[in-house]
Amino acid sequence: MSTATAPHTPVLETLPPPATANKPTLGQWFKSKGWRHLVAIAATAFSIFPLLYVLSAALNPTGTMAGASTMFTEFGWGNFEALFANQERPFGRWFVNTLVIGLVTSAATVFLGALAAYAFSRMRFSGRRFGLLTLLLLQMFPQLLTVVAIFLLLNFIGDIIPALGLGSQLGLIMVYLGGALGVNTYLMYGFFNTVPMSLDESARIDGASHVQVFFRIIMPLVTPILAVVGLLAFIGISSEFVIASVVLTDPESQTLAVGLYSYVAQQRSENWGVFAAGAVIAAVPVMTLFLFLQRYITSGLTAGGVKG
């Protein structure tokens, strides 16, 4: 005789409510993280205010930069129109000259610095450490000390080779390249040392020469430092004034830094509005180059690994 069993009814167990984490108070949050946001906001405001001030002066038709309380109260394109309408001060020509000199010098600086850094990093020769120390010590002397020597040297060379004398852009490029192997080479040298020597040895076993190793293996792996050096060189050359004002005597061959100074050089006749408009336009190539090189910097940082 079978006995019927009652169906099993599941027993629902009540789980305790999840324990909620104690939320930090405003004082605790500010002590741990909040002060960092405050410092970041203050630093951002400190950096952006001069840019907004110059932009406001460029759009102000009165042509003055007096009074921060009048920012963006008046708008007009008169300063930009006057910047390009002045025939005695060819702003468009200055802009092209700056791009040509900056891009050519930056590319040559990166190439020469990479060659020197590869030699110091991969080759062993007598005087190697002394050469590195000499390149570093040369950067301790300010550029202003060489102005007289550069003037006399270019004046002498101009009598023999006019294309390299005073007033020539090629002469200015050569002057810039003469001081390009200092800190740039030392900076690249440290980055080249991070590339494993095993890559060079493997390539040489396969029959690669130093030129093939340099261009096909080393250069793609050191793209970040090449982009950084090129960007810093372009920024420095675009804003350089002392040597450019000595070498470039013709207004048609001057750069933006030298040409724009003529708007504010004479006392009681300064035109700060046009000067600010030129400064705004002069910042466009630097920002464009930075945005273009940014992807090379970020991609190169992850492309230099060695797979086992």
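Put simply, the Cα atoms of the range 25-153 extend 65, 64, 26 Å along their principal axes, the longest span coming first.
Here the Gaussian network model covers the chain, with springs between Cα atoms less than 10 Å apart; of Ala257, Ala282, Ala149, Ala149 fluctuates the most. The mean sequence separation of alpha-carbon pairs under 8 Å and at least six residues apart, normalised by the residue count of the chain, gives a relative contact order of 27 percent.
In order along the range 273-288, the phi-based Karplus estimate (6.51 cos²θ - 1.76 cosθ + 1.60, θ = phi - 60°) of 3J(HN,Hα) comes to x, 5, 4, 5, 4, x, 5, 5, 5, 5, 7, 5, x, 5, 5, 5 Hz; Gly and Pro are listed as x.
For the chain, the Cα-based Rg and Dmax, in that order, read 30.1, 129 Å.
Per residue, the convex hull spanned by the alpha carbons of the range 157-231 comes to 117 Å³. Taking only the Cα atoms of the range 226-276, the radius of gyration and Dmax are 13.2, 45 Å. Shown in residue order for the range 149-161 are the 3J(HN,Hα) couplings computed by the Karplus curve 6.51 cos²θ - 1.76 cosθ + 1.60 at θ = phi - 60°: 5, 5, 4, 5, 5, 5, 5, 6, 5, x, 5, 9, 10 Hz (x for Gly and Pro).
Among the trypsin sites (Lys or Arg not before Pro) within the range 91-126, those in coil by DSSP and having at most 16 neighbouring Cβ atoms inside 10 Å are Arg124. Equivalent-ellipsoid semi-axes for the range 87-198 (Cα gyration tensor, √(5λ), whole Å, largest first): 32, 18, 12.
Using a 10 angstrom cutoff on alpha carbons, build the Gaussian network for the chain and name the most mobile of Thr25, Thr288, Thr44. Its mean-square fluctuation being the largest, the pick is Thr25.
A Cα-only calculation for the range 162-308 places Rg and Dmax at 20.7, 71 Å. With all protein chains kept in place, the per residue accessible area of the chain amounts to 64 square angstrom at a probe of 1.4 angstrom. A DSSP coil position with no more than 14 other Cβ atoms inside 10 Å describes the following chymotrypsin sites (Phe, Trp or Tyr not before Pro) in the range 162-258: Phe241.
Charge tally around Phe120: other residues with Cβ under 11 Å, Lys/Arg +1 each, Asp/Glu -1 each, net +4. In the chain, the portion of solvent-accessible area held by carbon and sulfur atoms comes to 68 percent [1.4 Å probe, whole percent, DNA, RNA and ligands not counted].
The values are calculated or read from the model by the stated rules, or taken from the named source; none is laboratory data. The shown structure was predicted, so the numbers you read here are calculated from the model rather than taken from an experiment. Using ideal geometry, Cβ is built from the backbone for each residue, glycine included, and neighbour counts are taken over all protein chains shown. Remember, those area values only see protein heavy atoms, side chains included, never the ligands or the DNA or RNA. Shrake-Rupley method; radii C 1.70, N 1.55, O 1.52, S 1.80 Å.
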